[in-house]
Amino acid sequence: MVSGRLVLAKDGPIATLTIANPAKRNAMTAAMWRALPSLLTPLAEDPAVRVLILAGAGGTFCAGADITEAADIARAGDDSIAVVAEEALAAFPKPTIARIDGFCVGGGCQLAVACDLRFAAADSRFGVTPAKLGIVYPPSTTRRLSALIGPARAKLLLYTAELIDAASAERFGLVDAVVPAADLAAAVHRTATTIAARSLLTQRAAKAVLSGAAPPAQDEAELQEGITAFLERRQPVFGHQGAPAPGMS
């Protein structure tokens, strides 16, 4: 399924949404920003999908917003489209993983930070670069970055607009794991497969609480399956999705 240059593929319980604009290092066009929320909605409602991976095509995650459109977007008063897309990704009710290689800059970093987890190739580069363009970074985006890496490091990235390497990003807390580029896809797939085998109800509850929302109620079928599997010394089979947590669908 293709919407603009966002390409969606499903592999069992794992959905992968790929940013594909290789001529511009996967910069996000206005059409791509607008398409993202509408792609996420059916994935949130699909009981077969339990994990979402966000990736970039051709060895680059995302080099930010398409700068050639920036002035037109601002003049049209539509400069909030990136924030709407970011918020939709952050509110996605299932676990999300950013699979980052190459450049993760500006709007790309905005999307990565909106994911739950971030895995990076060892040769990837990160930057929060609005200070190079005289752009005011959105308040919600700034707060999300600060909550992830702390105010001081957020200021360092925002004030300098300099790129940092993957090792620094991991030290900052911007990424959760750094692996060799050749191993990145496999490492992310292993983690996604593990997550998909766990209780989505538990995951939704954790995501809701950590975002400040109320968790869903305990589901007896989910609880019973977990306890029974433990007593029978087998892996549980969690099939019940549970109701979306308030503010998380």
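Can you name the number of the only condition in (1) part of a helix (DSSP H, G or I); (2) in contact with a Cys (Cβ under 8 Å, 6 or more places away or on another chain) that residue 120 fails?
(1)
Does the range 89-109 include one or more residues that are of a type in the set (Gly, Ala, Ser), touching a strand residue (DSSP E or B) at 6+ places or on another chain (Cβ under 8 Å), farther than 13 Å from residue 19 by Cα and buried (at least 24 other Cβ atoms within 10 Å of the Cβ)?
Taking every residue of the range 89-109 in turn, at least one turns out to be of a type in the set (Gly, Ala, Ser), touching a strand residue (DSSP E or B) at 6+ places or on another chain (Cβ under 8 Å), farther than 13 Å from residue 19 by Cα and buried (at least 24 other Cβ atoms within 10 Å of the Cβ).
Look at the range 149-177 and say how many of its residues are in a helix (DSSP H, G or I) and out of contact with any Gly (no Cβ under 6 Å at 6 or more places or on another chain).
Residues of the range 149-177 in a helix (DSSP H, G or I): 149, 151-160, 166-172.
Next, only the ones that are out of contact with any Gly (no Cβ under 6 Å at 6 or more places or on another chain) stay: 151-160, 166-172.
Matching residues across the range 149-177 total 17.
Within the range 49-58, take every residue that is at pLDDT 95 or above and assigned to a loop (DSSP other than H, G, I, E, B) and give me the one that is nearest to residue 23 (Cα to Cα). Break it down stepwise before answering.
Our first condition is that a residue be at pLDDT 95 or above; within the range 49-58, this holds for 49-57.
In the following step, the residues that additionally are assigned to a loop (DSSP other than H, G, I, E, B) were identified as 49-50, 57.
On the way: 49: 30, 50: 32, 57: 10 Å.
Top of the filtered list is 57.
Can you name the residue in the range 2-53 that is without any contact (Cβ under 8 Å) to a residue 24 or more places away in the chain and farther than 20 Å from residue 207 by Cα and, of all such residues, is farthest from the chain's Cα centre (by Cα)?
Filtering first and then ranking leaves 23.
The values are calculated or read from the model by the stated rules, or taken from the named source; none is laboratory data. Not measured: the values here are computed from a predicted model. Backbone-built Cβ (ideal geometry, glycine too); neighbour counts: all protein chains shown.
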